[in-house]
1. Within 22 Å of the chain's Cα centre (by Cα), modelled with pLDDT of 90 or more, surrounded by fewer than 20 Cβ atoms within 10 Å (Cβ to Cβ) and part of a strand (DSSP E or B), is that true of A54?
2. Of the residues that sit in segment 60-115 and are closer than 19 Å to I44 by Cα and touching a Pro at 6+ places or on another chain (Cβ under 6 Å), which one is surrounded by the most Cβ atoms within 10 Å (Cβ to Cβ)?
3. Got a number for residues in segment 4-51 being charged (D, E, K, R), under 21 Å from P86 (Cα atoms) and part of a loop (DSSP other than H, G, I, E, B)?
4. State whether the residues of segment 108-123 include one that is among the hydroxyl-bearing types (S, T, Y), at pLDDT below 85 and assigned by TED's automatic domain parsing to the domain that holds A45.
Amino acid sequence: VMNNEPISITEMAVGDGGGNNINPDGMQGLVNEVYRAPLNRLVIADLDRNVIRAEMLMMPQVGGWWLREAALFDDRGICLAVASLPPSYKPLLEQGAGRMSTVNIYITVNNIADVQLITDPAIILATITEVDKAKGEAKDYADEIVGYFDKNIQQVIADAITAAKRDFW
């Protein structure tokens, strides 16, 4: 990311830090990787500050370990960034508390144009919160348009009635 060559960040991995919290400074990989998956999303988080957000989803069927570290990998498997995570237990579904988990890493890059963003809707999964937000925005827009036309139609009808009364008398 530092040499202005285009990169393709494709995967994220998480680890348990070997049972300890980690300090990612200078690390070139995870202490103890427990899970790796393709990114669900790679988007611009803050254009003015050149910050991107990488997101990985972990399904309820995976887990049984602590999350303390995460890393991003390019399409060649090279570790590009390591982050520490607040310790969090990822239960398995059969443990009775399985859940879908999302891990996000925010990183600053020299030039956002050098990062190939993931925008393929066939790859990205939306959360219920994101779907509900989109539904709310669509409803608000539809209500705004209906209100606009309703007001205009009422005005057109009133103008037509006034004109008809004037023309009739």
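The values are calculated or read from the model by the stated rules, or taken from the named source; none is laboratory data. Note that this is a predicted model, so its numbers are computed, not measured. Backbone-built Cβ (ideal geometry, glycine too); neighbour counts: all protein chains shown.
1. Judged against the criteria, A54 is not a match.
2. V82
3. Total satisfying the criteria: 2.
4. yes
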